[in-house]
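Student: Sharing a structure with you now.
The values are calculated or read from the model by the stated rules, or taken from the named source; none is laboratory data. Keep in mind the model is a prediction, meaning the values are calculated, not measured. Glycine gets a Cβ as well: all are built from the backbone with ideal geometry, and neighbour counts include every protein chain shown.
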Amino acid sequence: PLLVLTAGQLEDSELRFRRLHAAAVVAGAAADAATPLLLSSDLRTAVAASEVLRGALSALSAATPAVEAEAAVVEEYGGAEGRMRPVRPETPKVLPAVAAGWGPLMATLRDARTPVVERGLAAVAELVAVAGGRFLARRFQQEAWPVLQRLLTHGTAHTPGQLSLGTEAVRAAPPSRRLTASLSDGGGGISVMGGEDAAGSLAPAAVTRVRVAALGCLESVCRCPDATVAVRTLTWAIAQAALPFLGAAHAAPLHEAARATLLAVAALDPDGVWLLLYDTSSNMPPSLTLTTASVAQSLEHRDPHQRPTQSQQRPRAGVADDLRQPPGA
């Protein structure tokens, strides 16, 4: 190469690598330690583990490319002296940590405890953001989306026969019945058996909190890198799931979360959202008139030639009828 690093520059590069490597090792160890604690029976531990996992993955996502870039510089411009240096230790990578944390996070979304579900949803959004939509596209579509739909519809994904690890009934159950492998329901191979259905037992405020968190997760996923790959088959379904919460009968935080989610989906599939709003505009509940119009106005910056016209085929009849019923009715 035309440029060869001097001995001093190689030492500086080695120092930078050591610092980055140390940061990645600490972040990787934190992620490894936090992952099994996501399902802790202690609420504070479970919530803290979710926050630690989010921070650790964020740090790993920053350290991984920095370490790779530093190694590439030495390999390209280190010359003979660079090649004679000892082999550098393997640095923890973000994608293996994301893959390891996905299964337990899917289990937290089925937990009966609202704070655990809220933090789990935020962590899922963080995982998709740091890994990129392409890496988790299949898992998000097949495993996360069905659970998110249930959270939006019922306010809980805690199904009959499954209990949160934090409930007394599970702690009293025989150990052999506490954990079972369940690969078919999107739980990442982790589920907790026994007990009764928690749907309908949550307070309205708790249901609202879960729905706001679920919509926030969907908004974040729609804005992440490679979002089109992650939700390419789900944009219409996500918009349809968010639209009913624009009604004035819903709490303000839920209303704002639904609006933000629709705008995020519109950034990926503006035609789909425009057609959905048009489909509801002719026969919508009065409570949705102003809020739906405000979302439509956010699309006005688009080229008029790209907007659907009334002569275009409507995507599906009866969406307005669906809006008259609250989710889960």
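Student: Which is over 30 Å from Leu3 (Cβ atoms), outside any loop (DSSP other than H, G, I, E, B) and in contact with a Lys or Arg (Cβ under 9 Å, 6 or more places away or on another chain), of Ala66, Ala144, Ala122, Ala157?
Tutor: Working: Ala66 fails: over 30 Å from Leu3 (Cβ atoms); Ala144 fails: in contact with a Lys or Arg (Cβ under 9 Å, 6 or more places away or on another chain); Ala157 fails: outside any loop (DSSP other than H, G, I, E, B).
Of the residues listed, the single one that is over 30 Å from Leu3 (Cβ atoms), outside any loop (DSSP other than H, G, I, E, B) and in contact with a Lys or Arg (Cβ under 9 Å, 6 or more places away or on another chain) is Ala122.
Student: Here is a check on your reading of the model: is Glu75 surrounded by fewer than 16 Cβ atoms within 10 Å (Cβ to Cβ) and assigned to a helix (DSSP H, G or I)? Explain how you work it out, then say what you get.
Tutor: Values: surrounded by fewer than 16 Cβ atoms within 10 Å (Cβ to Cβ): yes; assigned to a helix (DSSP H, G or I): yes.
So Glu75 fits the description; yes.
Student: Could you check Ala7 against (1) more than 30 Å from Val117 (Cα to Cα); (2) crowded, with 16+ Cβ neighbours inside 10 Å and say which number it fails?
Tutor: Tallying (1) more than 30 Å from Val117 (Cα to Cα); (2) crowded, with 16+ Cβ neighbours inside 10 Å, Ala7 fails exactly one: (2).
Student: What single numbered condition from (1) in contact with a helix residue (DSSP H, G or I) (Cβ under 9 Å, 6 or more places away or on another chain); (2) farther than 27 Å from Ala22 by Cα; (3) modelled with pLDDT of 90 or more fails to hold for Gly133?
Tutor: (3)
Student: Moving on to the next point. Looking at Pro308, Pro304 in this structure, which one is in contact with a Phe, Trp or Tyr (Cβ under 9 Å, 6 or more places away or on another chain), modelled with pLDDT under 55 and farther than 30 Å from Ala205 by Cβ? Spell out how you get there, then give the answer.
Tutor: Values: Pro304 fails: in contact with a Phe, Trp or Tyr (Cβ under 9 Å, 6 or more places away or on another chain).
Matching residue, one of Pro308, Pro304: Pro308.
Student: Enumerate the pairs (first residue in segment 45-74 and more than 12 Å from Ala97 (Cβ to Cβ); second residue anywhere and assigned to a helix (DSSP H, G or I) and among the polar types (S, T, N, Q)) with beta-carbon separation below 8 Å, excluding pairs fewer than 6 apart on the same chain, so at least 6 apart or on different chains.
Tutor: From residues that are more than 12 Å from Ala97 (Cβ to Cβ), the pairs are Ala46/Thr108; Ala49/Thr35; Ser50/Thr108; Glu70/Ser13; Val73/Ser13; Val74/Ser13.
Student: Cβ-Cβ below 9 Å, separation at least six or inter-chain, first residue in segment 256-283 and of a type in the set (Lys, Arg), second crowded, with 20+ Cβ neighbours inside 10 Å and at pLDDT 90 or above: which pairs?
Tutor: Once the first residue is of a type in the set (Lys, Arg) and sits in segment 256-283, its partners that are crowded, with 20+ Cβ neighbours inside 10 Å and at pLDDT 90 or above give Arg259/Ala242; Arg259/Phe245.
Student: Wholly within segment 227-294, which helices (runs of 4 or more DSSP H) include no fewer than the required count, namely at least 2 residues that are more than 15 Å from Val212 (Cα to Cα) and at pLDDT below 90? Talk me through it step by step, then tell me what you get.
Tutor: Values: elements: 227-231, 235-242, 252-268, 270-281.
The qualifying helices (runs of 4 or more DSSP H) are 227-231, 270-281.
Student: Report yes if Glu118 is crowded, with 21+ Cβ neighbours inside 10 Å, of a type outside the set (Lys, Arg) and at pLDDT 95 or above, otherwise no. I'd like the intermediate steps shown before the answer.
Tutor: Numbers: crowded, with 21+ Cβ neighbours inside 10 Å: yes; of a type outside the set (Lys, Arg): yes; at pLDDT 95 or above: yes.
Criteria met by Glu118.
Student: Kindly list, by first and then second residue, each pair from a residue in segment 1-22 that is assigned by TED's automatic domain parsing to the domain that holds Val67 and closer than 15 Å to Ala69 by Cβ to a residue that is acidic (Asp, Glu) and part of a helix (DSSP H, G or I), limited to pairs with Cβ atoms under 7 Å and residues at least 6 apart or on different chains.
Tutor: What qualifies is Ser13/Glu70; Arg16/Glu70; Phe17/Glu70; Leu20/Glu70.
Student: For segment 23-42: of the residues being part of a helix (DSSP H, G or I) and over 18 Å from Leu95 (Cα atoms), which is modelled with the lowest pLDDT?
Tutor: Here the residue is Leu39.
Student: How do the pairs read when you match residues in segment 208-228 that are in contact (Cβ under 8 Å) with a residue 12 or more places away in the chain with residues anywhere that are assigned to a loop (DSSP other than H, G, I, E, B) and buried (at least 24 other Cβ atoms within 10 Å of the Cβ), using Cβ under 6 Å and keeping only pairs 6 or more apart or on different chains?
Tutor: That search, which allows pairs on different chains as well, returns Val210/Gly155.
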